[in-house]
Amino acid sequence: MDEQHISHNPQETARQMYIRHGQNYGVDTNRMAEISKTYGNSTLFRRWGATVFDCIFFVIGYICFFISVIQITDRWFLPLAIASRCILLIAFFSYYLLLEGYTGYTLGKFVFRIKVVNGEGKPPGFLKSLIRTLLRLIDTNPLLMGGIPAGISVLVTASRQRIGDLAAGTYVVKVRDLEPISKKTMKRSLFIFFTAMVILGASFVNAIFILANNYVPPEAPVNKKEQSYVSKDGRFQITAPLDWSTDPDREGKTEIAIFNPYIQKSVAVVSNSKKELGNVTLQHYTKKIQYNMTKEFNLSTVGPSSNTTIHGYPAIEFTIKGQKDVNHYVTHVAIIETENDYYQVLGYTPASKYSRFKKELHDIIYSFREVRH
């Protein structure tokens with residue numbers, strides 16, 4: 001009676017027979033290949049869902065790692081970018097190599113109830129997993145061809161294998177079609193998954209903790225001891241917190257050049273003699289400086305100008321937002337007029353950090369004064 005009922009669905013019959021009888025059924029000893037042949041195209045969606053889940057896991061982990069690094073160093077330069085991407089690639093490689101090799105699962109496959117196995121239904125082991133993982137960089141790489149080669153291969157092959165499966169001799173099957181695993185294997189799998197989730201959770205908590213402890217309201221006062229920086233000719237000076245220092249790369253181009261060696265922010269002072277400029281007003285000189293700076297930065301936007309006084313000197317203050325190379329900057333500018341000179345006091349910082357550092361740059365700029373002898 002049961003056999004007659006099962007015969008109405010040949011694919012289900014084949015699947016159930018291989019599950020029940022294994023190698024004793026028929027002449028084919030590769031059980032998983034035969035079970036995989038009974039799957040329809042729906043298996044592609046399970047595999048796709050598992051891959052998306054794993055990608056989301058990695059994106060969240062990388063964002064947490066990125067936030068931690070940026071908030072600790074407060075700069076993103078080439079060696080750091082290369083190192084972070086190398087760490088991401090190693091983590092990605094190890095994730096699939098070890099999890100699939102020794103448990104058959106990834107977090108995504110565990111959620112979607114599918115498993116990587118060899119022909120006998122066991123985890124593939126290190127070598128087969130290594131082959132699958134190396135080829136994953138080609139056939140399921142979202143940055144290369146979006147996983148299209150893997151999808152096509154799963155659809156057209158009899159046993160629903162992607163290119164990595166074909167090369168390694170592995171199969172992705174539904175967990176319900178496998179024999180129950182031993183308690184030892186279950187404990188090992190749970191330990192690995194638990195460790196992975198603890199690492200992700202710790203990275204997330206660490207990122208939130210760093211953001212919370214490094215957040216400074218835009219208008220928060222800077223309570224630090226300060227030191228003065230005097231121009232080479234001794235005519236004028238500015239004052240900055242103790243964690244600032246002289247900028248050796250720009251020192252020869254400006255009268256005063258200082259920067260924070262730990263965070264991307266800097267201030268420079270340039271002077272022009274009124275005698276050399278001729279009959280030029282503060283407003284005309286300011287427009288000339290704005291014009292020159294918009295040529296220096298790409299896609300520049302000049303903010304509104306405001307008249308102010310700095311240590312009793314008339315001044316005009318404005319900001320310029322623009323791009324230099326691949327980085328976006330905000331330059332906080334004050335043009336100051338004294339009896340004999342015009343001064344440009346320029347505060348630089350990345351656009352993404354300007355709201356945090358605006359108050360500190362403002363205080364340094366407004367500390368400008370001529371030194372009377």
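The values are calculated or read from the model by the stated rules, or taken from the named source; none is laboratory data. Please read all numbers here as calculations on a predicted model, not as lab measurements. Virtual Cβ from ideal backbone geometry, glycine too; neighbours counted across all protein chains shown. Side chains are part of the model used for accessible areas, which takes the heavy atoms of the whole protein and leaves out ligands, DNA and RNA. Shrake-Rupley method; radii C 1.70, N 1.55, O 1.52, S 1.80 Å.
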Give the Debye-formula value of log10 I(q)/I(0) at each listed q (0.23, 0.24 Å⁻¹), with one equal scatterer per alpha carbon of segment 81-162, two decimals each. -1.26, -1.32
When every protein chain stays in place and a 1.4 Å probe is rolled, Cys55, Cys86 sorted by accessible area with the largest first are Cys86, Cys55
I need the calculated FRET efficiency for the pair Ala167 and Leu89, taking r as the beta carbon distance and R₀ as 25 Å, to the nearest 0.05. 0.75
Hey, with R₀ at 51 Å, roughly what FRET efficiency would Thr157 and Ala351 work out to, going by the Cβ-Cβ distance, to 0.05? 0.55
For labels at Lys183 and Leu282 in the simple 7 Å Cα→Cβ model, what's the distance in nm? 8.5
Members of Lys253/Lys358; Lys225/Lys295; Lys115/Lys184; Lys128/Lys184 lying beyond 29 Å, as alpha-carbon distances in this model show: Lys225/Lys295
Give me the 1.4 Å probe accessible area per residue for segment 240-333, excluding ligands and nucleic acids, in Å². 56
Note: segment 252-373, point scatterers on Cα, Debye, no solvent; log10 I/I(0) at q = 0.13, 0.16, 0.22 Å⁻¹ equals -0.50, -0.77, -1.43
P(r) histogram, all alpha-carbon pairs of segment 222-279 included - 5 Å bins from 0, percent: 4, 17, 26, 23, 14, 8, 5, 3, 1
Fully extended contour minus Cα-Cα distance, from Phe194 to Thr246, at 0.36 nm per residue: 13.8 nm
Can you give the relative contact order of segment 78-146 as a percent, counting alpha carbon pairs under 8 Å and 6+ residues apart? 28
